[in-house]
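Worksheet for the structure shown next.
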Amino acid sequence: MPRLGMLTPSSNTVLEPVTAAMLHGHPHITAHFSRFKVTEIALDDRALRQFDTAPILAAAELLAHARCDVIAWNGTSASWLGLERDEELVRHIEQATGIRAVTCVLAYRTLVRRLGLRRIGLVSPYTSDVQAQIIGTWTAAGLPVGPDVHLGLRDNFSFATVTEEQIDDALGRVAQAGCDGAVILCTNMRGAARAARLEATLGIPILDSVAVTLWSALDVLGLDKRPFTRWGRWFTA
């Protein structure tokens, strides 16, 4: 029975129930969660220090006690810190635990390449300065961001209060502006179910961060991803 370990921001209330919903009907796969302190998303030193390696690694080592088969960082911080931060984190986790590791942002890079996306519509709950940093980081990493929408929020808990109607509106705006795929960049927004429903309507793949992290965990273990296409046709990539 594959066990998926998920590293979770402490104030996140979305990714655990959404991951459980995606795994419903697949009792042979289980998800297990370990938290570390994250309460706000900003570019000041205090907010950035939340993503220092030590507390994340401590949480990962607790997942190792459950003998997980993969450990996933279910967060998007490398989008403004730099993808090399996640590459380094993966190395640290694998060296400390002997367990394969993946991250949400590195999974986005893999998916964008596999899908051949050339103009990404970016939707996030973040503030304008964080959004600008993300666009610069993604562009430098070869992830071509086109139209974008951000909601101006800083408190991590508040991201879960964004309504499905707000998410629908934001996705519709980036699609109308012209993109060949859209990203909901945050693991504390209720976007996974909306993304799956809107793919057919908007005619583009819509990649939700919680779903992308699960995709990556399944992918690295070589598990069959086809049963999960109700959460996005791109699951077969």
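Each reported figure results from applying straightforward, stated rules to the coordinates on display, with no laboratory input. In this text the structure is predicted, and so the values were computed from the model without any measurement. Don't worry about glycine lacking a Cβ; one is built from the backbone with ideal geometry, like all the others, and counts go over all protein chains shown.
Okay, here's what the table says:
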{"item": "Candidates ARG91, ARG113 - the one that is free of Cβ contacts under 8 Å to residues at least 60 places away in the same chain, within 18 Å of ALA211 (Cα to Cα) and either among the charged types (D, E, K, R) or part of a loop (DSSP other than H, G, I, E, B) (or both)", "result": "ARG113"}
{"item": "Qualifying residues in the stretch 1-41 (those that are among the charged types (D, E, K, R) and more than 16 Å from the chain's Cα centre (by Cα)) - the one surrounded by the most Cβ atoms within 10 Å (Cβ to Cβ)", "result": "ARG3"}
{"item": "Scan of the stretch 192-204 for residues that are touching a Leu at 6+ places or on another chain (Cβ under 8 Å) and surrounded by 22 or more Cβ atoms within 10 Å (Cβ to Cβ), ordered by number", "result": "ALA195"}
{"item": "Residue selected from the stretch 150-164 under the condition among the hydrophobic types (A, V, I, L, M, F, W, C) and more than 17 Å from the chain's Cα centre (by Cα), by the criterion nearest to ALA47 (Cα to Cα)", "result": "LEU153"}
{"item": "Residues (in contact with a Ser or Thr (Cβ under 7 Å, 6 or more places away or on another chain), assigned to a helix (DSSP H, G or I) and under 18 Å from GLN131 (Cα atoms)) located in the stretch 167-213", "result": "SER209"}
{"item": "Failed criterion for ILE206 (all others in (1) under 15 Å from the mean Cα position of the chain (by Cα); (2) farther than 27 Å from LEU151 by Cα hold)", "result": "(2)"}
{"item": "Evaluation of THR76 against (1) within 26 Å of ASP155 (Cβ to Cβ); (2) out of contact with any strand residue (DSSP E or B) (no Cβ under 9 Å at 6 or more places or on another chain) (one fails), failing number", "result": "(2)"}
{"item": "Whichever residue in the stretch 204-225 is charged (D, E, K, R) and touching a helix residue (DSSP H, G or I) at 6+ places or on another chain (Cβ under 6 Å) and, among such residues, is nearest to LEU171 (Cα to Cα)", "result": "ASP208"}
